[in-house]
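Novice: After the structure tokens below, expect a handful of questions from me.
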Protein chains: 4
Amino acid sequence: MPDFQKIISQVYQGLEPMPNTGKVANYIPELAHVPPQKFGIHLLEMNKRAHSVGDAQELFSIQSISKVLSLAMAMAAIDEKVWERVDVEPSGDPFNHLSLLEQENGIPRNPLINAGAIVIADILVSELKKPKEDFLEFVHQLSGDNNIAYDEAVASSEKSTGFKNFAAANLLKSYGNLKNDVEEVLDFYFYQCSLSMSCAQLCDTFYLFINRGVCKQGTQHLSLNQIKRINALMLTCGFYDEAGEFAFEVGLPGKSGVGGGIVALLPEHFCITTWSPVLNPKGNSTKGMAALERITTLSGLSIF
Amino acid sequence: MPDFQKIISQVYQGLEPMPNTGKVANYIPELAHVPPQKFGIHLLEMNKRAHSVGDAQELFSIQSISKVLSLAMAMAAIDEKVWERVDVEPSGDPFNHLSLLEQENGIPRNPLINAGAIVIADILVSELKKPKEDFLEFVHQLSGDNNIAYDEAVASSEKSTGFKNFAAANLLKSYGNLKNDVEEVLDFYFYQCSLSMSCAQLCDTFYLFINRGVCKQGTQHLSLNQIKRINALMLTCGFYDEAGEFAFEVGLPGKSGVGGGIVALLPEHFCITTWSPVLNPKGNSTKGMAALERITTLSGLSIF
Amino acid sequence: MPDFQKIISQVYQGLEPMPNTGKVANYIPELAHVPPQKFGIHLLEMNKRAHSVGDAQELFSIQSISKVLSLAMAMAAIDEKVWERVDVEPSGDPFNHLSLLEQENGIPRNPLINAGAIVIADILVSELKKPKEDFLEFVHQLSGDNNIAYDEAVASSEKSTGFKNFAAANLLKSYGNLKNDVEEVLDFYFYQCSLSMSCAQLCDTFYLFINRGVCKQGTQHLSLNQIKRINALMLTCGFYDEAGEFAFEVGLPGKSGVGGGIVALLPEHFCITTWSPVLNPKGNSTKGMAALERITTLSGLSIF
Amino acid sequence: MPDFQKIISQVYQGLEPMPNTGKVANYIPELAHVPPQKFGIHLLEMNKRAHSVGDAQELFSIQSISKVLSLAMAMAAIDEKVWERVDVEPSGDPFNHLSLLEQENGIPRNPLINAGAIVIADILVSELKKPKEDFLEFVHQLSGDNNIAYDEAVASSEKSTGFKNFAAANLLKSYGNLKNDVEEVLDFYFYQCSLSMSCAQLCDTFYLFINRGVCKQGTQHLSLNQIKRINALMLTCGFYDEAGEFAFEVGLPGKSGVGGGIVALLPEHFCITTWSPVLNPKGNSTKGMAALERITTLSGLSIF
């Protein structure tokens, strides 16, 4: 295996001075306050050796990265029945997600776009006794870190401004693909997205996806088959309308969030998280994308 | 002028025995109870002579026909400023109205589709002191009939099932094209649509559109120019995805509602309302469309 | 009736000095050479009295205005069977005409958009012995002017650059909605569009649409019913994506062409043609639209 | 490594008796004659050990599988400049490929859909002296088999019926994204698609994609970086609108063709080709998809 500490330090030093000219996510008011120069990288090897550089221990809002965790919990609960309500195809479309929902009769394209993740949230609201507590407990188990918590200010900030998510949830409801109340499902969904985590905590939490379903604490949460499916979805659908670009440039399954975080992984080798809040026009972290491209080039490691 | 009583009676007798094989609107539960065999026609000449046949005095839910009245009230209030927030083009699209809204950045295609009418409702909520009372008062003034009332059961029925309208309103809100709260605007919108009126009352109310803006009671509510614009919108946008078909077959400005009503008019000649609750697949009254086609053929009167 | 000569002169004088800042059609190279300051108006009353101002006797390329004439000839030939292959709804969509064709299985939205007019051209190629000669003869009969001719340079210019029309014709062919060869149909279509006519000649030719199907020479070419349907189509579909705007501002059935011409008419009253080559972003003559809006405002005449 | 001969034999025996109830491709008349019961599997390991079962030596029309080979040749010629004219995102859309082209101004979504492959064909027509001969020579070099040939009957069959491809090429031309003549580019494209090859020959030809760019004959044709990018594209875009499904179920980069062939591969491990002409509604071989899903399940091998 390559010297990962050397590689991530080198990439960090190369990118750190670059100007942060893009935009920090501002559609959720709370996220607009994050300093744009923040930058951290954390890499956790299959053998549990960890490597860190920059702001890798600092908490940020994981946002859409949480969709992978809620999907994992839903598959643990009802397995393949998830696919009766959401598809597994890339959305491919930069501008009309609700349109796709209309054209396809309320079946979201995949569980990693907002409409799909709202359906997954609905499943968890149906399956879990105390959805918020149980989901947080699931993250605690995966990571082994009970300090991970929701950020209530972010959750309520999104609740009062997330009109597109209310539109999506109501549209799903009109097609019969939302079993619980719109308000209840979105309340859970906004909390799920508000999780505050560091690069290091995210690597710990995602360790099961490189380790055949066994988490860093040693518990088997999902089958190998389920893990492979989630990894495939991250590769084809994990980066909004840049999924093809990310597969093409980086060649790893991964998931980004508008908080500026990206988790990516090479099964049975390593999991890596980057954080830099400035986003490109497609909503993915600019420096994070660049860092991962360079790290896979330098290490020569990718799934392809 | 032709003998209208004879013409509408003849058309009524020809169509009345036809089987009512289509569907009554059922997406609003309250509307599903209306007997499908109901059928009425009322025609009001410019000279105020009235002609009636069948169930023309019976109340039904006017639904989308109300969009013409709310548009008229909004134009009376802010005139051309309406067009800063809604366009005047046919939507043309049978299946993805929300998609159009996404593609066109939250500007609805016209004020006679749901999204557009919700923007008009938002304008009225901003402009009127007591929106529900003031709008009802406007209808009373136009018609000269203070008995016209909202049907609270229909309004609350739609409120609890109108998820597509909630989706549209939230999408508008996300684009900044809804100034008031979603709940408040839709509450007014559902009341507006719930008006219970008869064919005769609708003809009385729409009289100003054939009489250069002067209502049947003799008051000028809108300018001739405003009336012409509303009539043009009815012609190009009044029949969901069948606007072209209606212009082609009937050749009159008009507006339909899922309650089975249709109002159509020939400026400076007559206004006509039909009611038959069974709808064609595009959501327009089957017998109403047929009746109007025959009446314009028999009378030889159309705008073309 | 108003003093039309006075009205059109007044409107001409008001608009003539306005700068011609938009673009002349340049997608057909031959059209790019037309001087942008050209401006003419011609109005022909039902009583055959004619009024002219500016370059109303000068020839220009009528382009899409020809679609109304080919539709009229196709209806004269096979009447309602036309509607088995083309719909009568507004297209409503500024940017994806081929997309609509894909979504609707090769049935164009209406006969006044390119794809629909190509289907009409295909019908004429099937029905006519010598399509080009017979169509020109039809125009000669309507206008009473045998000098009207195709512009071969324009036709061949479009033939060598009209890739979108080749795309549309091949797509129609793939859906089985083109019976003859793509090359043959488009050859006829490009000739039809290349007709060179003056404002005065266009008014003469379109006279039958205000005169219940009887042309200026006194021959009944189409039934009143057919005329009404074509007039309805002009109103709902005659101005690309500005059909609603034109109905709203002008209130007359009409048809524009990228050569800068517009024909509009009030049945049983008058036919009017404007020509000014500078186009707005939607492909309609800027001064022509403005002139027609002012003329209907000044005269108080419209179908609404 | 698992016992591949045993695995493919077992899968073959399980699937062979299944009824062939779907449809053989019939949009190219020549392909409609292929017996639906044909079924073959061939697997070539990185160490060049080969395993075969069923009709694995029989020739079939590779059709869209050729798009990977033309892309490889174009990247060898102009490398990253390819991406100035075609994107790398999944198309995601089952029904309106031309629509996407319109919405995205003539830049095809990726090189493995028809419009994208036509742009690649245009690049090769520009770059190669004798496009058909040179491309065939490239395939001969990769495979080491000079017997591989075009099927002229298939090429001319598609030429006379491929109206959608003519539509796509003309649309590309209208956006300036086709440098050569439509006829010339499509002639090359139809020949490229008409290649007749067996499962065994396809594995030999695709060997470079599992061997870091070095073909089975030992020549380096592409860089490791180029190979990784093509493999990523196969994963995200190789199966029409089922790319997500294939990644999800099989977990390997691959490419299908309407002739019923599928090539899939695990870099540095093996390449596999299946052939069964009956297609599912999305245009991919039904038995081929099922066989690959079972083989990766039994072997436990995938990129995830």
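Novice: Please state which one of B:Val258, B:Val263, B:Val250 is more than 12 Å from the chain's Cα centre (by Cα) and more than 7 Å from every other protein chain (Cβ to nearest Cβ).
Specialist: Numbers: B:Val258 fails: more than 12 Å from the chain's Cα centre (by Cα); B:Val263 fails: more than 12 Å from the chain's Cα centre (by Cα).
None of the others qualify; the one that does is B:Val250.
Novice: Right, next: So, of the residues in the range B:142-154 that are among the charged types (D, E, K, R) and in a loop (DSSP other than H, G, I, E, B), which turns out to be nearest to B:Phe60 (Cα to Cα)?
Specialist: Going residue by residue through the range B:142-154, those that are among the charged types (D, E, K, R) are B:145, B:151-152.
Then drop every residue that is not in a loop (DSSP other than H, G, I, E, B), which leaves B:145, B:151.
Numbers: B:Asp145: 16, B:Asp151: 10 Å.
Looking at the filtered set, the residue picked out is B:Asp151.
Novice: Let me ask something else about it. Can C:Cys237 be described as within 10 Å of another protein chain (Cβ to nearest Cβ), in contact with a Ser or Thr (Cβ under 8 Å, 6 or more places away or on another chain) and touching a residue at least 12 places away in the same chain (Cβ under 8 Å)?
Specialist: Details: within 10 Å of another protein chain (Cβ to nearest Cβ): yes; in contact with a Ser or Thr (Cβ under 8 Å, 6 or more places away or on another chain): yes; touching a residue at least 12 places away in the same chain (Cβ under 8 Å): yes.
For C:Cys237, the condition - within 10 Å of another protein chain (Cβ to nearest Cβ), in contact with a Ser or Thr (Cβ under 8 Å, 6 or more places away or on another chain) and touching a residue at least 12 places away in the same chain (Cβ under 8 Å) - is met.
Novice: Which of the residues belonging to the range A:1-28 are modelled with pLDDT under 95 and touching a Leu at 6+ places or on another chain (Cβ under 9 Å)?
Specialist: Correct list: A:Met1, A:Pro2, A:Gly22, A:Lys23, A:Val24, A:Ala25.
Novice: Right, something else. Which of the numbered conditions does B:Phe248 fail, given that it passes all the others? Conditions: (1) buried (at least 23 other Cβ atoms within 10 Å of the Cβ); (2) touching a Pro at 6+ places or on another chain (Cβ under 9 Å); (3) free of Cβ contacts under 8 Å to residues at least 12 places away in the same chain.
Specialist: Of the numbered conditions (1) buried (at least 23 other Cβ atoms within 10 Å of the Cβ); (2) touching a Pro at 6+ places or on another chain (Cβ under 9 Å); (3) free of Cβ contacts under 8 Å to residues at least 12 places away in the same chain, the odd one out for B:Phe248 is (2).
Novice: Ok, one more. Just to check your reading of the model, which residue among A:Leu69, A:Leu31 is at pLDDT below 95, surrounded by 20 or more Cβ atoms within 10 Å (Cβ to Cβ) and outside any strand (DSSP E or B)?
Specialist: A:Leu31
Novice: Same structure, new question: Test of understanding: among C:Gln13, C:Gln63, C:Gln5, which residue is at positive phi and of a type outside the set (A, V, I, L, M)?
Specialist: Numbers: C:Gln13 fails: at positive phi; C:Gln5 fails: at positive phi.
Criteria check complete, one pass: C:Gln63.
Novice: Counting just the residues of the range D:211-229 that are more than 14 Å from chain A (Cβ to nearest Cβ) and free of Cβ contacts under 8 Å to residues at least 12 places away in the same chain, which one comes out farthest from the chain's Cα centre (by Cα)? Write out each step before concluding.
Specialist: The initial filter retains those residues of the range D:211-229 that are more than 14 Å from chain A (Cβ to nearest Cβ), namely D:214-221.
Restricting the remaining residues to those that are free of Cβ contacts under 8 Å to residues at least 12 places away in the same chain gives D:214, D:218, D:220.
On the way: D:Val214: 19, D:Gly218: 22, D:Gln220: 21 Å.
Top of the filtered list is D:Gly218.
Novice: Among the residues of the range C:174-210, write down those that are charged (D, E, K, R) and within 14 Å of another protein chain (Cβ to nearest Cβ).
Specialist: So in the range C:174-210, the residues charged (D, E, K, R) come out as C:179, C:181, C:183-184, C:187, C:204.
Passing the criteria: C:Lys179, C:Asp181, C:Glu183.
Novice: Continuing with the same structure: Could you tell me which of the residues C:Gly116, C:Gly213 is surrounded by fewer than 21 Cβ atoms within 10 Å (Cβ to Cβ) and in contact with a Leu (Cβ under 9 Å, 6 or more places away or on another chain)?
Specialist: Working: C:Gly116 fails: surrounded by fewer than 21 Cβ atoms within 10 Å (Cβ to Cβ).
None of the other options fit; the residue is C:Gly213.
Novice: Can I ask one more? How about the range A:125-147: which of its residues are farther than 23 Å from A:Ser198 by Cβ and of a type in the set (A, V, I, L, M, F, W, C)? Don't jump to the end; show me each part of the working.
Specialist: To start, the set of residues in the range A:125-147 that are farther than 23 Å from A:Ser198 by Cβ comprises A:125-131.
Selection gives A:Val125, A:Leu128.
Novice: If I ask for residues that are free of Cβ contacts under 8 Å to residues at least 60 places away in the same chain and within 12 Å of chain C (Cβ to nearest Cβ), which ones from the range B:62-88 would you list?
Specialist: At the first step, the residues of the range B:62-88 found to be free of Cβ contacts under 8 Å to residues at least 60 places away in the same chain are B:74, B:77-78, B:80-84, B:86-87.
B:Glu80, B:Val82, B:Trp83, B:Val86, B:Asp87 - these are the residues of the range B:62-88 that are free of Cβ contacts under 8 Å to residues at least 60 places away in the same chain and within 12 Å of chain C (Cβ to nearest Cβ).
Novice: Determine whether the range D:56-65 contains at least one residue that is assigned to a strand (DSSP E or B) and crowded, with 21+ Cβ neighbours inside 10 Å.
Specialist: Filtering the range D:56-65 down to residues assigned to a strand (DSSP E or B) leaves D:60-61.
Cutting the leftovers down to crowded, with 21+ Cβ neighbours inside 10 Å gives us D:60-61.
Looking through the range D:56-65, at least one residue is assigned to a strand (DSSP E or B) and crowded, with 21+ Cβ neighbours inside 10 Å.
Novice: While we're looking at this one, here's another question. Out of the range C:46-85, which residues are of a type in the set (Asp, Glu) and under 19 Å from the mean Cα position of the chain (by Cα)?
Specialist: Keep residues of the range C:46-85 that are of a type in the set (Asp, Glu), which gives C:55, C:58, C:79-80, C:84.
Matches in the range C:46-85: C:Asp55, C:Glu58.
Novice: Hey, another quick one. Select, from C:Gly176, C:Gly144, C:Gly116, C:Gly162, the only residue that is of a type in the set (Gly, Ala, Ser) and without any contact (Cβ under 8 Å) to a residue 60 or more places away in the chain. Don't jump to the end; show me each part of the working.
Specialist: Working: C:Gly176 fails: without any contact (Cβ under 8 Å) to a residue 60 or more places away in the chain; C:Gly144 fails: without any contact (Cβ under 8 Å) to a residue 60 or more places away in the chain; C:Gly162 fails: without any contact (Cβ under 8 Å) to a residue 60 or more places away in the chain.
Just one listed residue meets the conditions, C:Gly116.
Novice: Which residue out of D:Gly14, D:Gly22, D:Gly54 is closer than 17 Å to D:Ser256 by Cβ and of a type outside the set (A, V, I, L, M, F, W, C)?
Specialist: On the way: D:Gly14 fails: closer than 17 Å to D:Ser256 by Cβ; D:Gly54 fails: closer than 17 Å to D:Ser256 by Cβ.
D:Gly22 is the lone residue from the list that is closer than 17 Å to D:Ser256 by Cβ and of a type outside the set (A, V, I, L, M, F, W, C).
Novice: Further question on the same structure: Quick one: how many residues across the range D:1-28 are closer than 15 Å to D:Ser299 by Cβ and in a helix (DSSP H, G or I)?
Specialist: We begin by selecting, within the range D:1-28, every residue closer than 15 Å to D:Ser299 by Cβ; these are D:1-12, D:14.
Okay, now just the ones that are also in a helix (DSSP H, G or I), so D:4-12, D:14.
Adding up the residues that qualify gives 10.
Novice: Report every pair of residues separated by at least 6 positions or lying on different chains whose Cβ atoms are under 6 Å apart, first residue within the range C:290-304 and among the aromatic types (Phe, Trp, Tyr), second assigned to a helix (DSSP H, G or I).
Specialist: That search, which allows pairs on different chains as well, returns C:Phe304/B:Lys228; C:Phe304/B:Asn231; C:Phe304/B:Ala232.
Novice: Right, another one. Quick check on the range B:97-141: of everything there that is of a type in the set (D, E, K, R) and part of a helix (DSSP H, G or I), which residue is nearest to the other protein chains (Cβ to nearest Cβ)? Please lay out each step first, then the result.
Specialist: Step one: filter the range B:97-141 for residues of a type in the set (D, E, K, R), giving B:102, B:104, B:109, B:122, B:127, B:129-130, B:132-134, B:137.
Keeping just the survivors that are part of a helix (DSSP H, G or I) gives B:102, B:122, B:127, B:132-134, B:137.
On the way: B:Glu102: 5, B:Asp122: 13, B:Glu127: 22, B:Lys132: 23, B:Glu133: 28, B:Asp134: 26, B:Glu137: 27 Å.
The residue in question is B:Glu102.
Novice: Looking only at the range A:158-210, which residues are over 20 Å from the mean Cα position of the chain (by Cα) and aromatic (Phe, Trp, Tyr)?
Specialist: Correct list: A:Phe163, A:Phe166, A:Tyr175.
Novice: If you scan the range C:144-185, which residues turn out to be surrounded by fewer than 16 Cβ atoms within 10 Å (Cβ to Cβ) and aliphatic (A, V, I, L, M)?
Specialist: Result: C:Ala149, C:Ala153.
Novice: Can I ask one more? Scan the range C:120-137 residue by residue and report those that are surrounded by fewer than 24 Cβ atoms within 10 Å (Cβ to Cβ) and among the aliphatic types (A, V, I, L, M).
Specialist: Answer for the range C:120-137, where residues must be surrounded by fewer than 24 Cβ atoms within 10 Å (Cβ to Cβ) and among the aliphatic types (A, V, I, L, M): C:Val125, C:Leu128, C:Leu136.
Novice: Against the definition (in contact with a strand residue (DSSP E or B) (Cβ under 8 Å, 6 or more places away or on another chain) and aromatic (Phe, Trp, Tyr)), how does D:Phe270 come out, yes or no? It would help to see each step written out before you state the result.
Specialist: On the way: in contact with a strand residue (DSSP E or B) (Cβ under 8 Å, 6 or more places away or on another chain): yes; aromatic (Phe, Trp, Tyr): yes.
Yes: the conditions hold for D:Phe270.
The values are calculated or read from the model by the stated rules, or taken from the named source; none is laboratory data. Just so we're clear, the structure is a prediction, and the values are computed from it rather than from any experiment. All Cβ positions, even for glycine, are placed from backbone atoms using ideal geometry, and neighbour counts span all protein chains on display.
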